1. Let a ≥ b ≥ c be the square roots of the eigenvalues of the Cα gyration tensor of the stretch B:96-216; is it rounded (a/c under 1.5), or, if not, prolate (a/b larger than b/c) or oblate?
2. When only alpha-carbon atoms are used, what values of Rg and Dmax, in angstrom, describe chain B?
3. Need one word for the stretch A:111-201: rounded, prolate or oblate. Basis is the Cα gyration tensor (sqrt eigenvalues a ≥ b ≥ c); a/c below 1.5 gives rounded, then a/b vs b/c decides.
4. Please report the net charge: other residues with Cβ closer than 13 Å to the Cβ of B:A199, K and R +1, D and E -1.
5. Taking only C-alpha pairs under 8 Å that are 6+ residues apart, what is the relative contact order of the stretch A:2-276 in percent?
6. Helix B:138-150 versus the longest principal axis of chain B: what is the Cα-based angle in degrees, 0 to 90, to the nearest 10?
7. Hey, any idea what Rg/Rh is for the stretch B:148-195, computing Rh the Kirkwood way over Cα pairs?
8. Separation between the B:L90 and B:R186 pseudo-spin-labels, each 7 Å from Cα along Cα→Cβ, expressed in nm?
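What follows draws every value from the coordinates through simple rules; no lab data is involved. Because the structure is predicted, anything quoted here is derived from the model rather than measured. As a convention, Cβ positions derive from the backbone with ideal geometry for all residues, glycine included, and neighbour counts pool all protein chains shown.
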Amino acid sequence: MDAFLFQVLAGLATGGIYASLALALVMIYQATHHVNFAQGEMAMFTTYIAWSLMDAGLPYWPTFLLTLMVAFLLGVAIERLVIRPVEHAPVLAVVVVFIALLVILNSVTGWIYTYTLKPFPSPFPEEPLWGIRYMSPHEIGAIGITLLVLVALYLFFRFTPLGLAMRAAAQNPQSARLVGIRVGWMLALGWGLAAGIGAVAGMMVAPIVYLDPNMMGGVLLYAFAAALVGGIDNPWGAVLGGFLVGVLENLLGAFVIGNELKLSVALVIIVGVLLVRPSGLFGTVHVTRV
Amino acid sequence: MALLEVNGLRAAYGQTRVLHGLDFALEKGSITALLGANGAGKTTTLRALCGVVKTQGEVRFAGARIDGRATEDIVRLGVAHVPDGRGTFLDLTTEENLRLGAYTRKDRAAVAADLERVYGYFPRLRERREQQAGTLSGGEQQMLAVSRALMLSPRLMLLDEPSFGLAPLVVRELFQILRRINERERVSMLLVEQNAALALELADSAYLIETGRVVLAGSAAELKRDDAVRRAYLGY
């Protein structure tokens, strides 16, 4: 029983990270109907920036905030310079651009920082928090940070005029323009936010898996699974999907199929969802008249 | 002085020319109607004015050229478009839709006052303020579209078939309110309508458009008396 509880709680911790990245995927999907395959590599790249800052002597939390800002600007820049020119291109062209981004970010990082694993610090203490022995302080902290990010995003989208304008631009770009919203900039802003969320996910996962240019490959796959389980157009579903996939992955890995085959859980989930319920648990079913 | 002046306006969808050099003007404070059959180019004219379709020709708003400018910038000058299909943000609440109408305004107190004023015109919207706009009835959505445009505190409203799909009683109510808005707040209106009788009742002056050209212009009273208009559009 103890082992079971242990696995569930550890699953929630990694699940929070999947949830963050899944949310970043959903945000961009809602606004553009594209799945950003480079989301994971963007997160990885910004985590390396954080590593550089700390390597230069900056303490953790200033680094954290600075990295968020850099990630935001990077996201905005990528949208403006790379994605905008292919705005009206066919889907496959856009997919190729995303994959190119993935490969370029990955190789550039490897070129700058080499492919050797680097330890990445956790901002949370070593010794157990509040005598909790089921979860490490970093796991508790990661869940806390994830929830904090979610709440902040919810408040932003629900209660600020800019958040409302972003929702409007995603839903109905034509009408949004007619009330004076600069839809192009809202998309860029969405990319910036998604990149920022990704950076948080990267900095939370790096202390667990070590920093390396390929560290987000597996995480992105789980995040895809999470977004699909929840419904690719539903942010709440993506978050719930993230936690669900995290727990499921851990339980199956520990008690059923073993750790080596864990990643296949993500693939099984993706294929399973697409076969049984393509719109996910909470997604809307789209019907097209032909 | 003319608030809106249009000279030689041309527009096309791909290879298909829709407007072939349209000329008309709208006096400040007036309600001007564009009449014409299906496919005459009425909706395209409105879309051209607010930069949704590419155009050639000259459009002046309050003296300044606005042709070729981005929709967002034209809106900021005080041109509010009530598009056909109403342009509702279906997944947002009624009140969120209204707040979006005032997105470009910075004067918070005045926006809050305008929200109350709009609810005064359309009490039904106040009852439904927290409701998803997609669940409103057609008439309520049209009221919402007009209200959203009013929230801009516009100088000119472009109204695209506001009577479309509404029950006659609802149309009557809506047009009375449009009249009141025009009289009380001096909001100029460019009204596109297929229902010519209805439009001529509300409008001060009107233009008749056929296949992308103005074929007749005059005061509403003159057009009502015109034999050709009577036979073709008023049906008596």
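1. prolate
2. 17.2, 51
3. oblate
4. My count for the surroundings of B:A199 gives -2.
5. Relative contact order here is 39 percent.
6. 90
7. We get a ratio of 0.96 for the stretch B:148-195.
8. 4.0
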